[in-house]
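Bear in mind that the values in this text are calculations on the coordinates, not laboratory data. Computed from a prediction, not measured in an experiment: that's the story for all the values here. Cβ coordinates were reconstructed from backbone atoms using ideal geometry, including for glycine residues, and neighbour counts include every protein chain displayed.
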Amino acid sequence: MPVISIATATLTRLIGKSLGRDELVAALEQLGNNVEGTASVTAFRCETCGQLTEVLEQESFNGACEWCGSKTVVDVGSSEVIRISLLPVRPDMFDAAGLARALRGYLGIETGLPVYRMEPSGFKVNVRSGLESIRPFIVAGVVRGLSMDDETVKTVMKMQENLHWALGRNRRRASIGVYDLDTVEPDFEYSAVAPDGVKFIPLFGMPEGMAEATPKEILEKHPKGTGYKHLLQSFARYPLLCDADGKVLSMPPIINSEETKVTPKTRNLFVDVTGPDKNAITKTLAVIAAGLADLGAKIETVQVVYPDGAKETTPDLSPQTMTIDPKAAERVVGAEIPDMVKVLERMRYGTEWKSTDSTDGLGRGADREGGRLVLRIPAYRADIMHEYDVFEDVAIGYGYHNITPKLVPSMTVGSHQPIEELSTTVRRVMTGLGFLEIMTPALTSEKEHFELLGLAVREPRVRLENPISVEQTMAREQLITGLLSTLRVNTTREMPQQIFEAGDCFEPAAEMETGVRTRRRLGVAIAGPRAGFADAKQALDTLARELGLSLRLTVMAKDKSAPFIDGRCGVIFASPVQSGIGNLKSEIQWGVLGEVHPSVLESFGITQPTALFEIDLSLIG
């Protein structure tokens, strides 16, 4: 996981209590953070762009600004930082303010639900039509009265960078823009523009200098453009955020404009978050607003008006509610917790007792037996989706070190399931053949799983009732999509590439208790200038020989050949030989093999010929 450096002096100041180094490290680790220790960091200010570049004592430094690349940097001093490996599920603790907020609660300095009061700014963001299939959603807020010293500027920049990684999934789900409010004229307009439809100076300029450029030129030449162009290059128009005078604030999710850059002289900020995932951008802005408010800023809301007339006021820092059973929490944690309310308030929840036999409505002061706890969950907590997420916080707040270890009531001897032993054998064979194992997500989308392969969306399929994003709406049925997706992001690597995955796939099954049957499958792909049917068949034959199987290949019907080239694909049948393994007794239809059709390769952005096969290990294991 990424490692962040937080100034020890800043963290201690925000906590409001002087802590010894060992006490601070212990508290951080008890909260779930992995502390790598302390270090000295030297800051260098760029005389060209004014930004700070920090260099750890053990790192080499080439003397260039990490923001604009200029060599005109000067040493502005050193400080002690604490190095922490990020806890991905807690993006609200990625910066000094959020971390201090959590520590103040855990240490009992300030407990309960943090309350943030906001006033309306009177500003609007008008969303124009045309963004529906690009990045349709935006939230925004105004930040006033922030003292933008070097430490604060660094905090805001690092907060933006880390949230892009965690909640934003490298800007795909959410991207953040931070601007000097005093350089723009409200109201704002979020619209779609043609690749050559506007010119502006991107942040830190173009490689040739502070020159204006079109969105198309930025994607082709600017470092941020080339790094993130995959997020926009498939669209005919690009998102653009402008002010009332037509001044460009940013081209989400790529780059801000130079004119609206935040500097140490900035006092008021305009912040926006855009993306295709409404929940991700809402939570991202909540984390930012809460963090900046804890730094002493005043947060003001902005009204977002969509093309259909729908209006939203953002940021929304109102807490969500959840009711839990304290006894269930104790069973999961494995300890009796005398004061559950105190424990949860240390984790910054708002709590109220709700008792079925109480006479005072919410049961304040009522007997906890048979009662339930109504929780108010801070808006910046993006990780609370189920009561078990709260139970984990109960264990942290109570202290894992306070839970008495116990032996399990019964002792058993474990062994591998037959399918796991078979999978291990298969992995050894494939790695011995020079293939690299990959692991891809079990959740996918209909577009990736069917449409890009040229297949009709299959019914029934295992769909998620409440998907967390548009990229994770169903459970995978095959491994081919994962193989091609992996090749897609490695097109610039050395060829040929040989990869495989042995993983679970899922299919509806009414007779199963869960309604879903799990199948262990093996997918193997070869990509390269000379990759073809024979290469995949050779690997398959070697695997079959090692497993004690005899193979037969039949021509695949033309109407069943997708995603393969017709005439260069086949259906695999397997039967046991004398040394056969597993439960295979007779010939079975085992899988498919073929060369991937050029149209499918084009859909995935793969430029090399690719051959692959996929087989069902569950049929023999």
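What's the ranking of 503-509, 132-138 by average number of surrounding C-beta atoms within 10 Å, highest first?
Details: 503-509: 17.4, 132-138: 19.1.
Result, highest mean first: 132-138, 503-509.
Tell me, L56, L163, L181 in order of fewest to most beta-carbon neighbours within 10 Å? Working shown, then result.
On the way: L56 15, L163 27, L181 21.
So the ranking, lowest neighbour count to highest, is L56, L181, L163.
Over the Cα atoms of the range 3-106, Rg to Rh with Kirkwood Rh, two decimal places?
Details: Rg = 15.1 Å, Rh = 14.7 Å.
Rounded to two decimals, Rg over Rh is 1.02.
Hey, what D do you get for the range 467-539 in µm²/s if you plug the Kirkwood alpha-carbon radius into Stokes-Einstein at 37 °C and 0.692 mPa s?
Numbers: Rh = 14.4 Å.
Here the translational diffusion coefficient equals 228 µm²/s.
I'd like to compare 533-540, 421-428: which one has the highest average count of other Cβ atoms within 10 Å, and what's the full order after that? It would help to have the intermediate numbers written out before the result.
Numbers: 533-540: 18.2, 421-428: 16.2.
Going from most to least packed, we get 533-540, 421-428.
Give me the Kirkwood hydrodynamic radius of the range 418-619 in Å, from all C-alpha pairs, to one decimal place? Show your work: numbers first, answer last.
Numbers: mean 1/r = 0.0575 Å⁻¹.
In the range 418-619 this quantity evaluates to 17.4 Å.
At 222 nm, what value in deg cm²/dmol follows for the chain if DSSP H runs of at least 4 each add -39500 (n - 2.57) and the sum is divided by all its residues, to the nearest 500?
Values: 15 runs with 152 residues, N = 621.
Taken over the chain, the calculation gives -7000 deg cm²/dmol.
Quick check for me: using +1 on Lys/Arg Cβ and -1 on Asp/Glu Cβ, what's the dipole size of the chain about its Cα centre, in debye to the nearest 20?
The dipole magnitude comes to about 660 debye.
What order do you get for 511-519, 207-215 when each peptide is scored by the mean count of other beta carbon atoms within 10 Å, highest first? Intermediate results must be reported in sequence, preceding the final value.
Values: 511-519: 11.7, 207-215: 14.3.
Per-residue Cβ counts within 10 Å, averaged per peptide and sorted highest first, yield 207-215, 511-519.
Taking a 32 Å limit on the Cα-Cα distance, which of the listed pairs K154/K216; K216/K298; K71/K124 fall beyond it?
Values: K154/K216 30 Å; K216/K298 37 Å; K71/K124 40 Å.
Exceeds cut-off: K216/K298; K71/K124.
Binning at 20 angstrom from zero up to the longest distance, how are the C-alpha pair distances of the chain distributed in percent?
Going out from 0 Å in 20 Å bins, the chain shows 16, 42, 35, 7, 0 percent.
Okay, which of the range 70-84 sit inside 19 Å, backbone N to the point 7 Å along the Cα-Cβ direction of N34?
82-84
List, in order, the whole-Hz ³J(HN,Hα) value for each residue of the range 228-243 obtained from phi through the Karplus relation with A = 6.51, B = -1.76, C = 1.60 and θ = phi - 60°; use x for Gly and Pro.
Those phi angles translate into 10, 5, 4, 7, 10, 5, 7, 9, 7, 9, 10, x, 8, 10, 10, 9 Hz.
Seen from all sides and averaged, what is the projected area of the convex hull of the Cα atoms in the range 119-314, in nm²? If you can, show how the numbers build up before the last one.
On the way: hull surface 39.7 nm².
Taking a quarter of the hull surface, the average projection is 9.9 nm².
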